[in-house]
Amino acid sequence: MLFDHDVRAPAEWEQEYAADNEPARIRAWQREQLMRAGYDPSTARRIVREASARGESSDLVHRVFDLIDRGASHDQAARIA
């Protein structure tokens, strides 16, 4: 399976990761990983935001990847995770 990669200018990366807020950096990393797995940016943001609001974001990326590896579609993994 081929993945679309989000290509951004270094200035955009610096702006996103420059915050001294550790939780914000973690959420940004999670969004990036989900986009690399094939989710569009808005869906990745929604998945991360909802998991964070439920307090279930600590292993979010691993759960999503595990579900996809076990045969779940991207939509199913997003709903379950």
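The values are calculated or read from the model by the stated rules, or taken from the named source; none is laboratory data. All figures in this text were calculated on a predicted structure; none of them were measured in a lab. Ideal geometry is used to build each Cβ from the backbone, glycine not excepted, and the neighbour counts take in all protein chains shown. What goes into the accessible areas is simple: the full protein's heavy atoms, side chains included, and nothing from ligands, DNA or RNA. Shrake-Rupley method; radii C 1.70, N 1.55, O 1.52, S 1.80 Å.
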- Query: How many residues, within segment 37-57, are within 19 Å of GLU22 (Cα to Cα) and open to solvent by less than 70 Å² (accessible area, probe 1.4 Å)?
  - Reply: 7
- Only one of these is assigned to a helix (DSSP H, G or I) and either surrounded by 16 or more Cβ atoms within 10 Å (Cβ to Cβ) or modelled with pLDDT under 90 (or both): LEU2, LEU34. Name it. LEU34
- Query: Inside segment 50-63, can you point out the residues that are more than 18 Å from GLN76 (Cβ to Cβ) and touching a helix residue (DSSP H, G or I) at 6+ places or on another chain (Cβ under 8 Å)?
  - Reply: SER52, SER57
- Every listed condition ((1) open to solvent by 70 Å² or more (accessible area, probe 1.4 Å); (2) charged (D, E, K, R); (3) modelled with pLDDT under 85) holds for GLU16 save (1)
- Message: So if I check each of ALA72, ALA81, ALA53, ALA44, which one is over 14 Å from ARG27 (Cα atoms) and free of Cβ contacts under 8 Å to residues at least 24 places away in the same chain?
- Response: ALA72
- Task: Quick one: count up the residues across segment 37-57 that are modelled with pLDDT under 95, under 9 Å from the mean Cα position of the chain (by Cα) and not in a helix (DSSP H, G or I).
- Result: 1
